[in-house]
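Asks: My questions will all concern the structure given below.
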Amino acid sequence: MTDTRFDPSQADGRWQRAWEEAGTFTANSDSDKPKSYILEMFPYPSGRIHMGHVRNYTMGDVLARYKKMRGAEVLHPMGWDAFGMPAENAAMEKGVHPGKWTHANIDAMKAQLKRIGFALDWTREFATCDPEYYGHEQALFLDMYEAGMVYRRSSEVNWDPVDMTVLANEQVIDGKGWRSGAEVEKRKLDQWFLKITDFAGDLLDGLETLDGWPDKVRLMQENWIGKSQGLEFSFELSDGETLPVYTTRPDTIFGASFVAVAADHPVAQAVAKDDPLAATFIEECKKGGTTAAELETMEKLGFRTQLSARHPFTGDAMPLFIANFVLMDYGTGAVMGVPGHDQRDFEFATKYELLIRRVVASDASEADAPMGEEAESGDGVIVNSDFLDGMSVEEAKAEVIARAEGGGWGKGTTVWRLRDWGISRQRYWGTPIPFIHCETCGIVPVPKDQLPVKLPEDVDFSIPGNPLERHAEWKATTCPKCGGAAQRETDTLDTFTNSSWYFLRFASQPDDAPFDPVEVAKWMPVEHYIGGIEHAILHLLYARFWTRALAKIGKLEVKEPFASLFTQGMVTHETYALGDGSWLSPDEVRKDGEDYVHIESGQPVTSGRVVKMSKSKKNVVDPDNIIADYGADAVRWFMLSDSPPERDLPWSESGIEGCWRFVQRLWRLFDQIDDSASGEDKALARKAHQAIVAVAEDIEALSFNKAVARIYELTGAAEKAPPSADRNFVIRTILHLIAPMMPHLAEEAHAKLGADALIADAAWPKHDPAMLVEDEVTIAIQHKGKLRDTLTAPKGASKDDLEALALASEKVQRSIDGAAVRKVIVVPDRLVNIVT
RNA sequence: GCGGGUGUGGCGGAAUGGUAGACGCCGGGGACUUAAAAUCCCCUGAGUUCUUACUCGUGUGGGUUCGAGUCCCACCACCCGCACCA
């Protein structure tokens, strides 16, 4: 053979064109084959594909190609999550229109994805900034409005002063904007909301059905939704007003010794009106930080008002405080303080010398046991509580709730941590909210036949803030109801709405509707959804909510969009720094023996921690350069090798070189098929049959690293084996096993071996069940649990035979050294353990 | 603080309670070559050693078992998520 090297620089492109021309990966929804929808989280068009994308899409690609080989009709689409802040930042910095910037990025990234040879159905590609897409989104939003799932109210919002927009609670991390990192301020604005809280219970219950999701993600969502059950009841205040409070521990009600309200509670505000000291205290509370560290150390502070609250059972008057640890936006913004059995109340009561009373004890006889240095929040029996005495915590809860409901002063309720989703953004580059403000008619939805409400093209980014707000011409419209002059809503939808239904649009994209439910039903739910753990709450909760909301208004059959979810790890890289601490990129550094040297200055370089690739640490490796050097298949192989896919993958130059060597090794092996060879090699053939099954299992479990190891093993065995008909079969098997992972090499070798069809259309190899079983096995011989010898025995040998063989071993006899054999444990086909 | 996860060679990592370290990377030695690249072969957990073996070894300490990386109890370290949630 003349060409002893596989040359990806010309083979990759050739096969990519071949697949495209043949429409190999175009999904046919009318196919009779079983359907398989494989989806990776679509990218934001930032401008460049990074290694994280490559890893993510390679995993999905292997699944998609494998499923196709197993006879499925596969939908594996790609598109662009194209709205968002970076486009506006680019507009402000470089004076480019966000749309132009975004489309240029899409073009560049699409070309990059194509060079990696992903099996994508590009016929379904779209960007969420396409008016067709966001127009349908506006229609869905109006449907939700009609169903009562959308409302507008004035609310205190998280205002990001850098991005000059409102953020959802989910987008505030440690008191800072998730994107800008700026300290978030509180502002009161008219905002649009989606009633995600109406679905809180549903979203929580649905988690139980998601067997294919990581427990970790399910748990994170569970905590975020934050269901808690308790009693809501009202105290009578000394001024005649009533104060509703919420508690999860109604059983401890006899231990209550004070009542506290949040600083921004109406009662506190009323008190502050007449009491300057109270007003000062409230101001102090607002200054407090919100970061974890600050909250940790913050002292529980309170202001004792002149008011008191009347205990519903004893009638005792309890002091009413304004307290800094009570949150206005959870429960009712007011609590009953039970110092004995709540740590915060305990600290508070200690500071203000309030009564700390035991109402739960380990045993009735411990009723008078003194309280310790901490509150006791555990289980026990109720004491010092009148009619509750002797009950368990659970019984007492039920009893108090029953009496409150009977007496009409309270009721058992469920409180959620989840808030409604504020979706108003004061930005240009997003879906315009399809509403009109009319002086006479109020807020009026845009009639559906007027959709899409398109973004204006001529916008000015020279001043910060929302260009839509300043665009008089765009804003001016007529009221659909009265026909009078009116103004358009200038807020746009949070970008997370764009990604909340894109998977439906991939499955079906009619012109006149967001999707066709019949077509969607053919593909949904997504069989494998792959992406980063950073979306565990935000995107994945919103997408689940939209799917349920659309199901509720009869547009969908499915309630859960993603049958199984896989969260992949990050791609990491060593970091390099000079003595002065400045970071260096991998190509500025040369390896000199064990050490690293700065190429330019010759200075020594210290190699640091292996961390996520990031621009700031300069440890980014550009996939394009690597593909140019090694070809797509070596990179794909690297992405699948070594690290389990859910863990981080450390990128290394030597690692990719190893992958490159393996590509060439396979190429030489595929060249060694010798049709003149005859004869059997049963042991080798058996290995191949075992690998067919094992690699399939590994791919289905997304254990790509194990599949890779098995292929290495089989390849090594095939290389060493002498020519035979079986060896030819084994080499052809390897060719098919690697096809989903290294598709270009596989096509090239497949064609060279005389095939005229694409291997992408080939079937997964069939195994012979009879060939999975070994006829000889290695038996481990232990003496007192320690390995002394191994021997080969026919499979299925009897226990007696194995025992005899084991005792005949010279090494074993030496170890036993004449001691009396007390017991022999025989595990057939595995081991013999001799106990003396 | 609460919840979850992970600890195995120089590194990434394998291992239904049954031969720990598969497979890959790094490293060492050799072959081929004028030389290099490429390729191929051998070695590669630690220690002792009369090179034949033995001892130790999966974060630490206990336990269950004929047998534990795997199961149980206690602890340590690191990572992730949430957090004055009443």
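Asks: Collect residues whose amide H, placed 1.01 Å from N in the peptide plane, falls under 5 Å from the amide H of A:THR413; neighbours closer than 5 in sequence don't count.
Replies: For A:THR413, whose amide H was placed from the backbone, the distant partners under 5 Å are A:GLY230, A:LEU231, A:GLU232.
Asks: Taking θ as phi - 60°, what are the ³J(HN,Hα) couplings along region A:527-532 by the Karplus curve (6.51, -1.76, 1.60), each to the nearest whole Hz, with x for Gly and Pro?
Replies: 6, 10, 10, 10, x, x
Asks: Does chain A classify as rounded, prolate or oblate by the C-alpha gyration tensor (a ≥ b ≥ c root eigenvalues; a/c under 1.5 gives rounded; else a/b over b/c gives prolate, otherwise oblate)?
Replies: It comes out oblate by the Cα gyration axes.
Asks: By how many degrees, 0 to 90 and rounded to 10, does the Cα axis of helix A:85-94 deviate from the longest principal axis of chain A?
Replies: Around 90 degrees separate the two axes.
Asks: By DSSP, what percent of the beta bridges with both residues in chain A are antiparallel, rounded to the nearest 5?
Replies: 80
Asks: In which sequence would A:ILE253, A:ILE436, A:ILE537 go, from the one with the fewest C-beta neighbours within 10 Å to the one with the most?
Replies: Lowest count first: A:ILE537, A:ILE436, A:ILE253.
Asks: Tell me the angle of helix A:704-720 to the major Cα principal axis of chain A, expressed in degrees between 0 and 90 and rounded to the nearest ten.
Replies: That helix lies at roughly 10 degrees to the long axis.
Asks: How many angstrom lie between the Cα centre of region A:507-567 and the Cα centre of region A:112-171?
Replies: Centre-to-centre distance over Cα atoms comes out at 14 Å.
Asks: Going highest first, how would you order A:260-271, A:31-42 by mean Cβ packing within 10 Å?
Replies: Final packing ranking: A:260-271, A:31-42.
Asks: Order of A:SER585, A:SER703 from fewest to most other C-beta atoms within 10 Å?
Replies: Fewest to most other Cβ atoms nearby, the residues stand as A:SER585, A:SER703.
Asks: Still on this structure, I have one more. According to the square roots a ≥ b ≥ c of the eigenvalues of the Cα gyration tensor, what is the shape class of region A:706-763, taking rounded for a/c under 1.5, prolate for a/b larger than b/c otherwise, and oblate for the remainder?
Replies: oblate
Asks: Evaluate the relative contact order of region A:84-211 (contact order divided by residue number), counting alpha-carbon pairs under 8 angstrom at least 6 apart; express in whole percent.
Replies: Relative contact order comes out at 18 percent.
Asks: Can you tell me the 0 to 90 degree angle between the C-alpha axis of helix A:725-738 and the longest principal axis of chain A, rounded to 10?
Replies: 20
Asks: Output the relative contact order of chain A, whole-number percent, from Cα pairs under 8 angstrom with separation of 6+ residues.
Replies: 13
Asks: Ordered by residue, what ³J(HN,Hα) values in Hz, to whole numbers, does region A:780-786 give under the Karplus form 6.51 cos²θ - 1.76 cosθ + 1.60, where θ = phi - 60° and Gly and Pro are x?
Replies: Result, ordered by residue: 7, 10, 10, 10, 6, x, 10 Hz.
Asks: Rounded if a/c is under 1.5, else prolate if a/b is larger than b/c, else oblate: which is region A:389-434, with a ≥ b ≥ c the root eigenvalues of its Cα gyration tensor?
Replies: The shape class here is prolate.
Asks: For chain A, what does -39500 (n - 2.57) per DSSP helix run (n ≥ 4), summed and divided by total residues, give at 222 nm, in deg cm²/dmol to the nearest 500?
Replies: -11000 deg cm²/dmol
Asks: Would you please put A:14-20, A:119-125 in order of how densely packed they are, using the mean number of other Cβ atoms within 10 angstrom per residue and starting with the highest?
Replies: Output ranking for A:14-20, A:119-125: A:119-125, A:14-20.
Asks: Further question on the same structure: Of A:ILE834, A:LEU702, A:CYS441, whose Cα points farthest to the positive end of the dipole of chain A (charges on the beta-carbon: +1 Lys, Arg; -1 Asp, Glu; origin at the Cα centre)?
Replies: Working it through, the farthest residue towards the positive pole turns out to be A:ILE834.
Asks: For A:TYR712, A:TYR57, A:TYR630, what ranking results if the residue with the fewest other Cβ atoms within 10 Å of its Cβ goes first?
Replies: The order, fewest Cβ neighbours first, is A:TYR712, A:TYR630, A:TYR57.
Asks: Another one. Name the GluC sites (Glu not before Pro) in region A:373-456 that are in a loop by DSSP and that have at most 11 other C-beta atoms within 10 Å, would you?
Replies: When the GluC sites (Glu not before Pro) of region A:373-456 are filtered for loop state and at most 11 Cβ neighbours within 10 Å, A:GLU373, A:GLU374, A:GLU439 remain.
Asks: Per residue of region A:42-55, in order, report the coupling 6.51 cos²θ - 1.76 cosθ + 1.60 (Karplus, θ = phi - 60°) as ³J(HN,Hα) in whole Hz, putting x for Gly and Pro.
Replies: Values per residue, Gly and Pro as x: 6, x, 7, x, 6, x, 9, 6, 10, 4, x, 4, 4, 5 Hz.
We did not get these values from a lab; they are worked out from the coordinates using the rules stated. Everything numeric here is computed off the predicted structure, so don't read it as measured data. Because the Cβ atoms are built from the backbone with ideal geometry, glycine has one as well, and the counts that use them run over all protein chains shown.
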